[in-house]
Amino acid sequence: AADPVSVTTLPVHARPDEIEAAFASLRRQLAQRRCEPVPGLPPFQGGLAGIVGYEAGRWFERLPITSGDANWPHPAATIGCYDWVIA
């Protein structure tokens, strides 16, 4: 099972300040864990991995709100910060 150092989850209707704060936190986490890659291993040796759904498009452009949007039960993005990887 995956064991992230932290998990950031953003709802579909996150406010712009919540989105910016979440991404600023992710940038800080990456900076704190920066290290040189180990030669001979795959390029992803730790960092951010997750899923950003189609619904997150509303964060970047104006899209119409549909009837299903108000009751969408899933987050628009879930991103984990991992300090190790099995590859």
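The values are calculated or read from the model by the stated rules, or taken from the named source; none is laboratory data. Because the structure is a prediction, the values reported are computed rather than measured. Counting neighbours? That spans all protein chains shown, and the Cβs are built from the backbone with ideal geometry, glycine included. Heads up: the accessible areas ignore ligands, DNA and RNA and are worked out on the full protein's heavy atoms, side chains in. Shrake-Rupley method; radii C 1.70, N 1.55, O 1.52, S 1.80 Å.
Overview of results
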item: Within the chain, helix-based [θ] at 222 nm, where runs of 4 or more DSSP H residues each add -39,500 (n - 2.57), nearest 500; result: -6500 deg cm²/dmol
item: Accessible surface, the chain, averaged per residue in Å² (probe 1.4 Å); result: 75 Å²
item: Ordering of 16-26, 32-42 by burial proxy (mean other Cβ atoms within 10 Å per residue, highest first); result: 16-26, 32-42
item: Helix 16-32 vs. the chain, principal-axis angle (Cα, 0 to 90°, nearest 10); result: 0 degrees
item: Of all accessible heavy-atom area on the chain, the percent that carbon and sulfur account for (1.4 Å); result: 60 percent
item: Debye, to nearest 20: dipole size of the chain, +1 on Lys, Arg Cβ, -1 on Asp, Glu Cβ; result: 140 debye
item: Added length on full extension, which subtracts the Cα-Cα distance from 0.36 nm per residue, GLU36 to THR78; result: 12.5 nm
item: Estimated D of the chain in µm² per second, where Rh is the Kirkwood radius over Cα pairs and Stokes-Einstein applies at 37 °C, 0.692 mPa s; result: 224 µm²/s
item: Computed over the chain: relative contact order in percent, which uses C-alpha pairs under 8 Å that are six or more apart; result: 53 percent
